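The values are calculated or read from the model by the stated rules, or taken from the named source; none is laboratory data. All values derive from a computational prediction rather than experimental measurement. So basically every Cβ, Gly included, is an ideal-geometry build from the backbone, and we count neighbours across all protein chains shown. With ligands, DNA and RNA removed, areas are computed over all heavy atoms of the protein, side chains included. Shrake-Rupley method; radii C 1.70, N 1.55, O 1.52, S 1.80 Å.
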Amino acid sequence: MNKFVKWLKSSSSDLVLFVLILVLANIAGRKAFLRLDLTSQGSYSISEASKSTVKTLTEPLSIKVFFSDNLPAPYNSTAQYVKDILVEYKGAANRNFSYQFFNMNKPENQKIAQGYGLRQVQIQQVKNSEVGFKQVWMGLAIVYGDAIELIDGITSDSGFEYNLTTKISKMIAQADTLSGLGADEKITLTLYASDNLKQFRINGYDNINNQIAAAFNKVNQKNLNRLAYISKNPSDDEIKELADEYGLQLFTWKEKDGSEGKGIFGLVIGYGENFRTIPLSIQRSIFGYGIAGIQEAEKNISDSLESLLSKSTKIGYVTGHGEAELTDQNGSDINFKKIISDMYEFQELKLADEEIPSNLNAIVINGPQSELSEKELYKIDQFVMKGGNVMIFADPFKSEQANYYQQPTYTKIDSGLNKILSAYGATLESNYVFDEECYIYQQQGYGNIKMFWAPMLQKRQLSEKNPITKNLGYVIFLQPGTISVDSEKAGKNVKITVLAKTSPKAWTETQNFQISPQMQAPYDKTREKAENITVLLEGKFNSAFDKNPSEEASENEELSTTTHLSSGTRSGKIFVANTAMITSNQLINDSGSEPIAMFIRNAVDYMNGNVDLCTMRTKGLTLNTLSGTGTALALIVRYFNQFGLAVLVAIAGLIMWRLRMIRRKKIHIRYNPNDSRDSETENSSKKIDNM
């Protein structure tokens, strides 16, 4: 025992004890580890919504990750990000969550990836000063029960957490719905195809049943086999009724005997009274008749099933005043509707004839062209008093053009919304805001054209703290108007946040203006100042009405009653943008990837209580740049980053060398002053001291 104690006290035990401590620390670290995310956006940590999603898994969920090795920059950082963020998911999840990385150098793993439906993506790389292309794997598969979802082509970390969490949430909800069906209940996929259409020799028509059945089987296997497939040749008596009910293609022709022939074609998936019509149609081309949509049949069936089973939050969409339509001229949904359709569903609401349903949490008023009545405004007011949320996109002017050759004229729109908004602390001004910091259109032959009516708002012009705009680097608006705010009118219980404002180089026009490439900035720069174009009001509002305008007092009544609320009983939110153009297809693309689409989608989420989705969706989108580019401060920071750090390291090295020399000199003088081997060092030190 004494020998062991002596050994512990000796220097020979230090290495052994050090190794032992390292082993114990690693064992403890496997059970309890700490990661700090110091990024301003929380880019390397997951939100509470993601944590709650994976924390409550009732069935095993596995993520299969397929990334090639040795990816060139910047794709290597994306691969590392996926690894880091999955560690976060694992740390927050219960035991039903797992993930696995596959070595894509092995052919068998490539076959597994292909079996899931993943494909290689082409990326650009620079090698030996030459630019080339490389085929790599950058995707993952999410497996939950029999359901499989893919995220392919992960070339950037932007929006990755949002995509992953929303796909997991959908899979869980869909699997729970399917497992909840009765033993004999099925979701039915029905192909309606008249046999008498075969006489027209439609390309692929004879084999359409087999092709749809093959696509159906793949979807059915991924969805607990709870689907049933039916191929039906409707009778003549059923054709018209089916066409009206499902909106299927109806065909008529004249038979040889002079009678009228009828046929129908289409694909429908339904459960109970709910159904979705799947894109599948007969179209004519220069090569004859053919079937459109068959190549995407599996995807369209899967998407329609997801839509059928989704429990979307309904949002009221006010109509009756010339508001923007939810479908375009071809009958397709506008992109504003598309980008929110994964979680929300618009329910048209005609305020003149109906009350706002109690199950609605939010309503949207999008570009009214005529005035809302006092009765309709009162319904909106009382909805807000009860804690309802309202989104308003209002155009200041109506554009009218007699013909192609004439310039349009602009007429002020009086929607009547100011009757309630002014009482809440915000007023829509009847003007257009133009900005010198705007979108620049490059046209061949004309050079750069400044579109002053399309202000480009940089990060410094967006609210830095609100989740709607926090992570956005820039946003382009179109033909906005000014919004004036008055905190005194709003009252102490209402918080006003300016979400977006123009640059200080903006000016307004109220009359005698034309929107054209020939526009010029005003010579009088005193007219220019920053203008508010989007604001958010939150809190308990005071009613804009003293009483219900529909209630009439009667002197003969013994009792009087009223349902009027003079102040808010619950906190509500009002989002106001003085332009409805930002919801049009002119700014929002099909994928919803534009910053303005992110801005609007974030606003919808915020108004419906899904704040975590805002930050998830926009992680990594911010481009942090120095304000005042080209100023003395920017130049100082630039040169410091290039040369300053290297100079500081060199100075620190000289200081440390000098301190070590002084220390060595002191040790030499104290313990061995007569040692001739250190004379050279001592002389060197003296020379330095004399300098």
Accessible surface, the stretch 51-195, averaged per residue in Å² (probe 1.4 Å): 49
Two-site label geometry, Ile112 and Lys256: point separation in nm, points 7 Å out along Cα→Cβ: 6.1
Fraction of antiparallel bridges per DSSP, the chain only, in percent to nearest 5: 70
The stretch 209-252: chymotrypsin sites (Phe, Trp or Tyr not before Pro) in DSSP coil with no more than 16 other Cβ atoms inside 10 Å: none
Beta bridge orientation in the stretch 341-436: antiparallel %, DSSP, nearest 5: 45
Too-long pairs where the Cα-Cα distance tops 26 Å, listed order kept, from Lys379/Lys540; Lys232/Lys254; Lys375/Lys465: Lys375/Lys465
Fraction of accessible area attributable to carbon and sulfur, the stretch 86-151 (%, probe 1.4 Å): 44
Value of [θ]222 nm, deg cm²/dmol, for the chain, DSSP H segments ≥ 4, -39500 (n - 2.57) each, nearest 500: -9500 deg cm²/dmol
Distance from the stretch 82-123 to the stretch 377-428 (C-alpha centre basis), Å: 49
Dipole magnitude of the stretch 125-258, debye to nearest 20 (Cβ charges: Lys/Arg +1, Asp/Glu -1, about Cα centre): 560
Listed residues Pro467, Ile172, Asn103: farthest to the positive end of the dipole of the chain (Cβ charges): Asn103
Estimated dipole of the chain in Debye, rounded to 20 [Cβ of Lys and Arg +1, of Asp and Glu -1, Cα centre]: 5160
Label-point separation, Ser98 to Asn589 (7 Å along Cα→Cβ), nm: 4.0
Label assignment, Kirkwood radius over Cα pairs in Å derived from the structure, set (i) 28.1; (ii) 31.3; (iii) 26.6: (ii)
Positive-end residue of Ile596, Tyr410, Ile574, charge dipole of the chain with Cβ unit charges: Ile596
Charge tally in the Cβ shell below 10 Å around Asp303, where Lys, Arg are +1 and Asp, Glu are -1, Asp303 excluded: -1
Gain in span if fully extended, Glu355 to Lys198, counting 0.36 nm per residue against the direct Cα distance: 51.5 nm
Charge dipole of the chain about the Cα centre (unit charges at C-beta), most positive-ward option of Thr526, Ser307, Ser332: Thr526
With every protein chain in place, the stretch 340-482: carbon and sulfur % of accessible area (1.4 Å): 44
Gain upon complete extension [Gln458, Gln283; 0.36 nm per residue less C-alpha separation]: 58.4 nm
Among 271-284, 85-98, the order from most to least packed when residues are scored by Cβ within 10 Å on average: 85-98, 271-284
Where chymotrypsin sites (Phe, Trp or Tyr not before Pro) fall in DSSP loop in the stretch 456-531, at most 15 other Cβ within 10 Å: Phe513, Tyr523
Mean accessible surface per residue for the stretch 212-301, computed with a 1.4 Å probe while every protein chain stays in place, in Å²: 60
Accessible area (Å², per residue) of the stretch 379-453, counting only protein heavy atoms and a probe of 1.4 Å: 48
Dipole magnitude of the stretch 192-296 about its Cα centre (Cβ charges: Lys, Arg +1; Asp, Glu -1), debye to nearest 20: 520
